[in-house]
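Note sheet for the following structure.
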Amino acid sequence: METRSIPITLQISYALAALAVFTVLHFHLLPAVFAGLAVYALTAKLALKLPVRWGTLTQKVALAGIILFVIGLVSGICLGLWSFLRGHHGMSNLLGTAAETLDNLKRNLPEDLTALLPDTVDELREQIVTMLREHGKNISSVGISGVKTFAHLVLGMVVGSLAVLHRFNREEGFPPLAGHLHDRLLNLASAFDKVVFAQVKISLLNTALTALYLAVVLPMCGIYLPMVTLLILLTFIAGLLPVVGNLISNFTIVLISLGVSPMVGLASLAFLVLIHKLEYFTNARIVGTEVKASVWELLTAMLVMEAIFGVAGLVAAPVVYAWLKAELKAYRLV
């Protein structure tokens, strides 16, 4: 049986790719990389549909316009997410709803359990203030981290735009190592495209069904949950994280529902379980078709990377796994 030697430049490209994954996750550069990949993938998608000849002045102007549009779109999305996650209005609403939920739970839970909860909303607020004082330095560092993250996002989008310019404007082929590295980038961008945009479709479907339940079904029954808009936004954002994202949003919705009454909590739990079952089919059809990966594969990858890199590994796992599987498939190893 004839064996084929692997070029040294190809081996180096895979070693550098593995080192890049470790570096990005270890030094918390995932937001920058995702922003850059979003600009790269969206620009490439739109640019390939341009009815112009590559290398012409018209193509260059059109490509620059697409890049500016995509950067503006990604920046708007990032700012919207930042405002939702860090905005004072959302946090104050969340604290108010937590206080209402606390009061309702104390009325409905057994005495043994209510003894473990604060007696009043003022006591709850006092505990929160004490926590803020004790962890003031950590909160300040989070603010600094936020500024650094914003700078990383901007740099990531710039790098992504420069990479896509280099892809379409090159006049000659790449040297051997650069060519293999470019192949790794193309496979990574393709994996990102498939996983992220497929997950957006799933999250939109899940959010639409949840919004129908929270904003239409429950009000028709005379039941009005607090913070419905915030819960719907949370459902969409958490839904971008495969599998575990739904657990986060579902737990929050059931908790808020329990604060209204135990029966509403049970109804919300039943409805969300039905949505969760439906999502197994949509996951299998959308993500499975795009990535050729089943739910157990994604879960295993997420568990392993979360154990190694924490939350960043959990978020990056679906993209990294899809990338790895695409590389293995290229050599018919899986």
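Quick rundown of the values:
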quantity	calculated
Tally of residues being open to solvent by less than 50 Å² (accessible area, probe 1.4 Å) and within 18 Å of A330 (Cα to Cα) across segment 173-190	8
Test set (1) more than 18 Å from L155 (Cβ to Cβ); (2) modelled with pLDDT of 85 or more - V70 fails condition number	(1)
Selected residue [modelled with pLDDT of 80 or more, in contact with a helix residue (DSSP H, G or I) (Cβ under 9 Å, 6 or more places away or on another chain) and not hydrophobic (A, V, I, L, M, F, W, C)] from T252, T282, T229, T289	T229
Long-range neighbours under 7 Å by Cβ, at least six apart or interchain, first residue hydrophobic (A, V, I, L, M, F, W, C) within segment 175-202, second open to solvent by 50 Å² or more (accessible area, probe 1.4 Å)	L177/I12; L181/L16; A198/E290; V200/L240
Odd one out for G222, checked against (1) assigned to a helix (DSSP H, G or I); (2) modelled with pLDDT of 80 or more	(1)
Any hit, segment 202-211, residues being open to solvent by 30 Å² or more (accessible area, probe 1.4 Å) and farther than 27 Å from Y40 by Cβ	yes
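The values are calculated or read from the model by the stated rules, or taken from the named source; none is laboratory data. Just so you know, these numbers come straight off a predicted model, no measurement behind them. A quick note on method: Cβ atoms are made from the backbone with ideal geometry, for glycine too, and the neighbour counts reach across all protein chains shown. Remember, those area values only see protein heavy atoms, side chains included, never the ligands or the DNA or RNA. Shrake-Rupley method; radii C 1.70, N 1.55, O 1.52, S 1.80 Å.
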